[in-house]
Amino acid sequence: RTFVPCRKRKYKPPLMHYGWSAHRLKMLKLAEDRQLTQMVSYMDLDHPDFHDGPGGPMTAPEVDDVDTVDVLVFTTAKQITPNPPPNLQLALVTNAPNACLFISLYTNYEPEPVSEDFIEKFRVALELGKPQWFLDDQYMVWTETGPCEF
């Protein structure tokens, strides 16, 4: 109960996410296998014909890792239920194994109940282990205000 925020306490706990560390390469492979890869191109600032304004030369398309994993997560969730958990999100949690992307079902500040049935189906569909609690990268210390208006 220490990490559950309470208005009566002077200091609010750090933000904790409950979910899974998303191994980037594994998630990208699953997305590719399911034809969910998201591509992105950028204005090529180094191109000799570059000029300010729209319509300039573009870089070759490349995989957008975060968008790809995001589409994979939400497509998978919607295949399980038409109303996925409201706080489902990708979070940055670099202290998790396989760092960076973390699939968060909910946080200690938004403890929405998620059915065990959904968690199990989602876990199996994305080949994940058991969900765990991880500390958020940005809001990792005790403060008087907490990570949000609480």
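The values are calculated or read from the model by the stated rules, or taken from the named source; none is laboratory data. Note that the structure is predicted; figures quoted are calculated from it, not measured. Because the Cβ atoms are built from the backbone with ideal geometry, glycine has one as well, and the counts that use them run over all protein chains shown. Quick note on the areas: whole protein, heavy atoms, side chains included, nothing else; ligands and nucleic acids left out. Shrake-Rupley method; radii C 1.70, N 1.55, O 1.52, S 1.80 Å.
Within the bounds of the stretch 53-60, is there any residue that is out of contact with any helix residue (DSSP H, G or I) (no Cβ under 6 Å at 6 or more places or on another chain), at pLDDT below 90, open to solvent by 90 Å² or more (accessible area, probe 1.4 Å) and in a strand (DSSP E or B)? Give the derivation first.
The initial filter retains those residues of the stretch 53-60 that are out of contact with any helix residue (DSSP H, G or I) (no Cβ under 6 Å at 6 or more places or on another chain), namely 53-60.
Now restrict to residues that are at pLDDT below 90: 53-60.
Still in the list and also open to solvent by 90 Å² or more (accessible area, probe 1.4 Å): 54, 58.
Narrowing the set further to residues that are in a strand (DSSP E or B) leaves 58.
Yes.
Quick test for you: out of Asn83, Asn98, pick the one residue that is open to solvent by 40 Å² or more (accessible area, probe 1.4 Å) and modelled with pLDDT of 90 or more.
Every option except Asn83 fails the conditions.
Exactly one condition in (1) at pLDDT below 95; (2) open to solvent by 50 Å² or more (accessible area, probe 1.4 Å); (3) part of a loop (DSSP other than H, G, I, E, B) is false for Trp133; which is it?
For Trp133, the failing item is (3).
Note down all Cβ pairs under 7 Å where the first residue falls in the stretch 105-129 and is part of a loop (DSSP other than H, G, I, E, B), the second is polar (S, T, N, Q), and they're at least six residues apart or on different chains.
If the second residue must be polar (S, T, N, Q), the pairs left are Glu112/Asn87; Leu126/Thr76.
When the stretch 63-73 is examined, which residues are found to be open to solvent by 60 Å² or more (accessible area, probe 1.4 Å) and modelled with pLDDT of 90 or more?
Selection gives Val63, Asp67.
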